[in-house]
Amino acid sequence: MSKPNWYMLTLVGRDRPGIVAHVTHALYEGGCNLGEASMMRLGGNFTMMMMVRYEGAARALAELVEPVSESLGLRLHVDRISGALHHHLEPDVRITVSGADRAGIVAQVTGALAEAGLNILNLESDVAGSEDEPLYIMHIEGQATEGIEALQSALDIVTRNGVKASLAPMDTLIG
Amino acid sequence: MAILDILTWPDPRLKETAQPVTTFDETLHAFIKDLEETMRAGPGAVGIAATQVGSLQRVIIIDASSRKNVPHHGRQVLINPEITHWEGYAVGREGCLSVPDYTGNVIRAERITVEALDEAGATHTWRMEGFEARLAQHEIDHLDGLLFLDRLVSRRHDLYRRKRYD
């Protein structure tokens, strides 16, 4: 068996009901298989990133999706990737950061954590609160390559100016 | 002794409800030995339920002793286990021999009391907390046909859930 062709498909556009169903139906009809994917609504847009296995070329894959993406008003991007399934890394730390929304929180916090050895596997953030008092909330799961204590020290420093951060070790239970 | 085959989801037998053990004989003891050997052979496994090897009897084995700084009772065979008390809750990461290559966050009670029989049929009451309590809840779920997949919480909305339960 030859090595499967994996592509990363990115679609972004104004959210409306039926996007996932229409896009995935077109892929299925075209002979594609889906792998890992992340799909979510961000600021009224719907965003999809999907690993897609397809034996043809990138151009042919784009042509499969274009009738649907154009009719739904989605921008489409196709990349050939060298990835494969079953390459998960297990996080060993979970970090939650929240604070009054201001420019630079993410850069400051993730910069300090990166220096302290954090490898981010998953990051999701949201702005809650109100227009007048926006509250920034960020969840990170990752690997503490230099130990949890190093990350805690880094967080203690960045949280001095009004940002709240909590760190919890993750010890995955296999049962 | 033998390493038994582990059922993997979506095998429908993982959704069955296991029946209480009523006979404490050599057949049961031989099965428990095999079940434990199967658990020890599973990569990283710290617990197993009879359901996972296709035997619908209420038997689980747990052993949290591999974890540092975690309160535990060592290796335990719990037969017909019942959780009689729950307290607190915590989010933790779980995986399962029956769901290879996937892990997810699950909310479990932080402290529990478990009544169970041992291999000889004698009743014991165990107070468990943290990792060991989570482990017992994960395995007892198997006896009721539940997988951790049935209890996953969204990573994105973890914080909101916490607020609601606080």
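The values are calculated or read from the model by the stated rules, or taken from the named source; none is laboratory data. Quick caveat, the model's predicted, so the values are computed rather than measured. Neighbour counts run over all protein chains shown; Cβ positions are idealised from the backbone, glycine included.
Quickly run through the range A:63-116 and pick out the residues that are surrounded by fewer than 16 Cβ atoms within 10 Å (Cβ to Cβ) and assigned to a helix (DSSP H, G or I). It would help to see each step written out before you state the result.
Of all residues in the range A:63-116, those surrounded by fewer than 16 Cβ atoms within 10 Å (Cβ to Cβ) come to A:63, A:66-67, A:70-71, A:73, A:75, A:77, A:79-90, A:100-104, A:106-107, A:111, A:114-115.
Answer for the range A:63-116, where residues must be surrounded by fewer than 16 Cβ atoms within 10 Å (Cβ to Cβ) and assigned to a helix (DSSP H, G or I): A:E63, A:E66, A:P67, A:E70, A:S71, A:V106, A:A107, A:G111, A:A114, A:E115.
Listed by first and then second residue, the pairs with beta-carbon distance under 6 Å, at least 6 apart or on different chains, first residue in the range A:151-171 and within 14 Å of another protein chain (Cβ to nearest Cβ), second acidic (D, E), are A:M170/A:D92. Among the residues of the range B:85-107, which ones are without any contact (Cβ under 8 Å) to a residue 40 or more places away in the chain and more than 9 Å from chain A (Cβ to nearest Cβ)? Matches in the range B:85-107: B:H85, B:W86, B:E87, B:G88.
Identify, from the list B:G88, B:G95, B:G74, the residue that is under 25 Å from B:V53 (Cα atoms), surrounded by fewer than 17 Cβ atoms within 10 Å (Cβ to Cβ) and either modelled with pLDDT of 95 or more or among the acidic types (D, E) (or both). Step through it out loud before you land on a result.
Details: B:G88 fails: under 25 Å from B:V53 (Cα atoms); B:G95 fails: surrounded by fewer than 17 Cβ atoms within 10 Å (Cβ to Cβ).
Going through B:G88, B:G95, B:G74 in turn, just one is under 25 Å from B:V53 (Cα atoms), surrounded by fewer than 17 Cβ atoms within 10 Å (Cβ to Cβ) and either modelled with pLDDT of 95 or more or among the acidic types (D, E) (or both): B:G74.
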